[in-house]
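Enquirer: I have a structure I would like to understand better, so I am pasting it below and will then ask my questions one at a time.
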Amino acid sequence: MTRDSGNKPAAVSAQFDAVVVGAGFSGLYMLYQLRQLGLSAKGFDTAADVGGTWYWNRYPGARCDIPTTDYAYSFDPELEKEWTWSEKYATQPEILDYLRLAADRHGLRSDIEFSTTVTSAHWDEGENRWRITTDRGNEIRCQYYIMASGCLSIPKSAEIEGAGQFAGQVYFTSQWPHEGVDFTGQRVAVIGTGSSGIQSIPLIARQASQLTVFQRTPNFSIPAHNGPAPAERVMQLSEDRDGYRHAARWSRGGIPAELTDVLGVTASEEVRRERFEAAWEQGELFGILGVFADQGVNPASNDIVAGMIREKIRLAVDDPEIAETLCPKDHYFGTKRPCLDTGYFETYNLPHVRLVDLRTQPITSITAQGIDTADQSFEFDAIVYATGFDAMTGALAAVDVTGRGGLSLMEKWTPGPSTYLGLMTVGFPNLFMITGPGSPSVLSNMTVSIEQHVDWVAGCLKDMRAAGFETIEPTALAESGWDVHVQDCAAITLHPTASSWYMGANVPGKPRVFLPYIGGVNAYRQACDDVVSQGYLGFRRTGRGEDECRDGVIRSMQPDVAMVLEIMAGLGLPPMETLSVTDARALMAAAAATRPPGPEVAEVTDGVMPGPGGDLPYRLYRPATADQGPHPIVVYFHGGGWVLGDLDSDDPLCRDLCARSGAVVVSVNYRHAPEARFPAAAQDAFMAVQWVDANAVSLGGIPGQLAVAGWSAGGNMATVVCQLARDAGGPRIAGQLLINPVVESEMMRPSYAENGDGYILTTALMRWFWEHYADPADRGDPRAAPLLGNLTDLPSAIIVTADFDPLRDEGVAYARALDAAGVPVRHVRARGHTHTSVTMVGIVISGAPVRAQMAAALADFFPAPVTGAVSNSSIG
Ligand code: N01
């Protein structure tokens, strides 16, 4: 960033408690809070005044895209009273005035050196201090180094051949001249159609004699419907300011909003249209991003919203060909930052405005006169670059930061940024980032996220000083756990599919990782609060007689699993084990009736087969493969503790296994307890496998290619069958897939204590199941507790265990015991899952990769690769 001219202060060599880089929303509030703590602090900014992003981005049309009722500080009630925004979305000059007023009200300018860039920060291990240098020659020692340097403050370089050759005027939207630019009568080019381009293009078109827009990727944009601040929000604020701000802090995006549970895929056309039009009229980002509960995760639902926006673009633009070029089709709606505009698409109806599609006509070079594309040479008086930023890490990387042992921050982050809570990073004690990578920041109302971060840092410093600690630094375990959680949150959404700046994809060579935290402002705030209430979990604090390290991971459950648990807890259902068997079965059936159905398969047929106690119902799933079969067969046993469940209960999972593996799945309904107690279920299961083996050809199977599978109690039966088949000399079973199986009855392993309550399958419920199924004297029989049986010469096994499952440790023990007995075994850890979540097809998206592994391993049981299985990527 070029430095502003202005009065340059003399170089000083000084010592402060804290140095803050940046004098925008975050830096100003950080300075204020440091003062409140009684700490000495010095701020630096390259700019000649306060404002941060609002100091630099002065291009025509620059406005916020969060309503001004919400895009403001909340820490200073007097400031709130003193200031009234003139519009729903304020212009850049108005926001800058607001920040100037905030700085003046608290006399913050005196603590800031403007026109000064921090160039390096080195951690001095001997002194436990940071040594900061600036381009003015300042050298400062400080205890805390706080980067409040913004997420979108380092412009991306032009990266276009010949960019330096142009003889006309060159402007970057991110470094707009303070005196403004008059384009009257000029031929102007704008490169880039992100928020900056989309906001500025209609205004540049008003002045320019010719405007040519060079578009690489069309972007989704909706009309801002700017005007007075939204009446409803203004009223809510005036009636209960504190309540409103509290609601914002605990909302998903940092703005109070009611979340919908309407799913795009199941809503009627009328409801879809109504919801979309309401969001369109409202003209708010979080509104259009929340038309349907599932639009961020389900491609089909997203397509509905995207399709409706494209319809609007086609209505706004007169020329159908231009309209089509402006319609985004290469990314899901919301996966790149959508824009709010004022007359953007209509601008292309003006006779002097032209759109050049760089996908079909790429720029070959910038020339002295203008721009050459593959097809044409253009001449311009001015070129405007609206080409974006090195987002989230750019400003952090702009300073040469070295931590403990001379570790360079940028070297550490070569594979992508790694942080704990987006606030700190291992190896860099007392370095805090405001809205750093791994925090909600750019996906949220920034002002709310900034205040939360600053408040957290201030609280942390206060606690440290009160306890006599000098340094704080995250542990490696805590940081890697948070990194995983950040990526887990992103992985269940459509976001990683886009080449966005959220993914670092706009900067050549930048690692592709999802940079912000998408779990929500509320979930994030809770995690930060939990870290503190657990004694700074995941941090090492040093400096008094004894150092303190509370190692641990703050969030290790998959986010969608946590969400399901939260919803279930909200339903207030009675514990299953307190119900009669009839009521428990009815509850399970009712839950099954409301689930998504699971993927399509070629054929589903119900039948009966003979069993030792009478006919056994079964359901056969045939895969949709190109060759029509025959296929290998997997005999599947449902879960439900031998008491609950039927052919419907595991139907979506069976469909999923069938579609993914390309095998026929035969799901067998065995006799249940307490009507038929041990060993009825085991006997039924064994006879079912014998029958399927004998009837493989008529079932569409390949004789001899038979595997067994089961979940929970069904996993118990699947492996019991393997032991019985071995002892009986057949049938030959190629492999066993055991999903969270029950393999013993003791219930003494640590996972029963760790996960015994709160994760749907409880220790109490397991006890209830055992009581219904088997007498205590029978519970050591290998047909009930297969872990106690002879484990030699059993078929290859895949054992899935879930982290938050009481049965976890017995599954792990079974995998080890099989391995020790010489059985090829693969243990799949369902990280962050519960006993039930992996089976929740179409609900728990993070279970899909685990099920893909299960299906791939099933296919591996059979000698010839299964051909023509449906691609896993097409199954949710
Ligand atoms: O930058 P961008 P921005 N040749 O990266 C194109 C916030 N913001 O400054 O998509 C040709 O979004 C690039 O194309 P592609 C907001 O969070 C907020 O507009 O990479 N084209 C894209 O079209 C926003 O998301 C407001 O294919 C090139 C454009 O340039 C973020 O800042 C206002 C190119 C860059 O779009 C960034 O927005 C403004 C090349 N070599 C910004 N390189 C508010 O309303 C890039 N492009 C508050």
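The values are calculated or read from the model by the stated rules, or taken from the named source; none is laboratory data. The shown structure was predicted, so the numbers you read here are calculated from the model rather than taken from an experiment. Methodologically, a virtual Cβ is constructed for each residue, glycine included, from the backbone with ideal geometry; neighbour enumeration extends over all protein chains shown. Areas reflect the complete protein model, heavy atoms only, side chains present, ligands, DNA and RNA absent. Shrake-Rupley method; radii C 1.70, N 1.55, O 1.52, S 1.80 Å.
Enquirer: Quick check on segment 543-589: of everything there that is open to solvent by 50 Å² or more (accessible area, probe 1.4 Å) and among the polar types (S, T, N, Q), which residue is nearest to Ala466 (Cα to Cα)?
Expert: Step by step, filter segment 543-589, then rank; the result is Ser556.
Enquirer: List pairs: first residue in segment 179-206 and farther than 12 Å from Val353 by Cβ and hydrophobic (A, V, I, L, M, F, W, C), second residue in a helix (DSSP H, G or I) and more than 13 Å from the ligand (Cβ to nearest atom) anywhere in the structure, Cβ distance under 6 angstrom, at least six positions apart or on different chains.
Expert: Phe183/Ile204; Phe183/Gln207
Enquirer: Residues in segment 304-335 that are touching a residue at least 24 places away in the same chain (Cβ under 8 Å) and open to solvent by 50 Å² or more (accessible area, probe 1.4 Å): how many?
Expert: Total satisfying the criteria: 5.
Enquirer: In segment 404-426, how many are crowded, with 17+ Cβ neighbours inside 10 Å and polar (S, T, N, Q)?
Expert: Going through segment 404-426 one residue at a time, the tally reaches 3.
Enquirer: Which residue is least open to solvent (accessible area, probe 1.4 Å), if the candidates are limited to segment 482-513 and must be more than 9 Å from the ligand (Cβ to nearest atom) and of a type in the set (Ser, Thr, Tyr)?
Expert: The selected residue is Thr493.
Enquirer: May I ask you to list pairs of residues, at least six apart or on different chains, whose Cβ atoms are under 9 Å apart, with the first in segment 56-76 being farther than 20 Å from Thr193 by Cβ and the second being β-branched (Val, Ile, Thr) and within 12 Å of the ligand (Cβ to nearest atom)?
Expert: Matching pairs, first to second residue: Ile66/Thr447; Thr68/Ile95; Asp70/Thr447; Tyr71/Ile95; Tyr71/Thr447; Ala72/Thr447; Tyr73/Thr447; Ser74/Thr447.
Enquirer: Determine whether segment 797-806 contains at least one residue that is touching a residue at least 40 places away in the same chain (Cβ under 8 Å) and open to solvent by 10 Å² or more (accessible area, probe 1.4 Å). Spell out how you get there, then give the answer.
Expert: First pass over segment 797-806, keeping only residues touching a residue at least 40 places away in the same chain (Cβ under 8 Å): 797-806.
Keeping just the survivors that are open to solvent by 10 Å² or more (accessible area, probe 1.4 Å) gives 803-804.
Scanning segment 797-806 turns up at least one residue that is touching a residue at least 40 places away in the same chain (Cβ under 8 Å) and open to solvent by 10 Å² or more (accessible area, probe 1.4 Å).
Enquirer: Quick one: in segment 129-164, which of the residues that are open to solvent by 40 Å² or more (accessible area, probe 1.4 Å) and assigned to a loop (DSSP other than H, G, I, E, B) is farthest from the ligand (Cβ to nearest atom)?
Expert: Gly137
Enquirer: Report, by residue number, each residue of segment 172-214 that is in contact with a helix residue (DSSP H, G or I) (Cβ under 8 Å, 6 or more places away or on another chain), β-branched (Val, Ile, Thr) and more than 13 Å from the ligand (Cβ to nearest atom).
Expert: Those that are in contact with a helix residue (DSSP H, G or I) (Cβ under 8 Å, 6 or more places away or on another chain), β-branched (Val, Ile, Thr) and more than 13 Å from the ligand (Cβ to nearest atom): Thr184, Val188.
Yes or no, residue by residue, for (1) among the acidic types (Asp, Glu); (2) over 19 Å from Gln853 (Cα atoms); (3) without any contact (Cβ under 8 Å) to a residue 40 or more places away in the chain:
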residue: Ala602; (1), (2), (3): no, yes, yes
residue: Val634; (1), (2), (3): no, no, no
residue: Asp656; (1), (2), (3): yes, no, no
residue: Gly700; (1), (2), (3): no, yes, no
residue: Ala713; (1), (2), (3): no, yes, no
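Enquirer: I've got another one for you. How many residues are touching a strand residue (DSSP E or B) at 6+ places or on another chain (Cβ under 8 Å) and either in a loop (DSSP other than H, G, I, E, B) or not aromatic (Phe, Trp, Tyr) (or both) if we restrict to segment 613-637? Write out each step before concluding.
Expert: To start, the set of residues in segment 613-637 that are touching a strand residue (DSSP E or B) at 6+ places or on another chain (Cβ under 8 Å) comprises 615-623, 625, 629-637.
From what is left, the residues that are either in a loop (DSSP other than H, G, I, E, B) or not aromatic (Phe, Trp, Tyr) (or both) are 615-617, 619-620, 622-623, 625, 629-635.
So the answer is 15.
Enquirer: Out of all the residues in segment 99-106, is one or more surrounded by fewer than 16 Cβ atoms within 10 Å (Cβ to Cβ), without any contact (Cβ under 8 Å) to a residue 24 or more places away in the chain and at negative phi? Explain how you work it out, then say what you get.
Expert: Step one: list which residues in segment 99-106 are surrounded by fewer than 16 Cβ atoms within 10 Å (Cβ to Cβ), which gives 101, 104-105.
If we keep only those that are without any contact (Cβ under 8 Å) to a residue 24 or more places away in the chain as well, we get 101, 104.
Checking which are at negative phi leaves us with 101, 104.
Yes, segment 99-106 contains a residue that is surrounded by fewer than 16 Cβ atoms within 10 Å (Cβ to Cβ), without any contact (Cβ under 8 Å) to a residue 24 or more places away in the chain and at negative phi.
Enquirer: When you check Asp693 against the structure, is it buried (at least 20 other Cβ atoms within 10 Å of the Cβ) and either closer than 20 Å to Pro782 by Cα or within 40 Å of the chain's Cα centre (by Cα) (or both), yes or no?
Expert: Details: buried (at least 20 other Cβ atoms within 10 Å of the Cβ): yes; either closer than 20 Å to Pro782 by Cα or within 40 Å of the chain's Cα centre (by Cα) (or both): no.
In short, no.
Enquirer: So is Ala167 within 16 Å of the ligand (Cβ to nearest atom), among the aliphatic types (A, V, I, L, M) and farther than 20 Å from Gly427 by Cα or not? Reasoning before the result, please.
Expert: Details: within 16 Å of the ligand (Cβ to nearest atom): no; among the aliphatic types (A, V, I, L, M): yes; farther than 20 Å from Gly427 by Cα: yes.
Against the criterion (within 16 Å of the ligand (Cβ to nearest atom), among the aliphatic types (A, V, I, L, M) and farther than 20 Å from Gly427 by Cα), Ala167 does not qualify.
Enquirer: Of all residues in segment 110-124, how many are open to solvent by 60 Å² or more (accessible area, probe 1.4 Å) and either farther than 20 Å from Asn430 by Cα or modelled with pLDDT under 95 (or both)?
Expert: Matching residues across segment 110-124 total 1.
Enquirer: Filter the strands (runs of 3 or more DSSP E) completely within segment 358-404 down to those with at least 3 residues that are more than 16 Å from the ligand (Cβ to nearest atom). Spell out the reasoning first.
Expert: Numbers: elements: 363-366, 370-373, 377-379, 382-385, 400-402.
Where strands (runs of 3 or more DSSP E) fall fully within segment 358-404 and carry at least 3 residues being more than 16 Å from the ligand (Cβ to nearest atom), they are 400-402.
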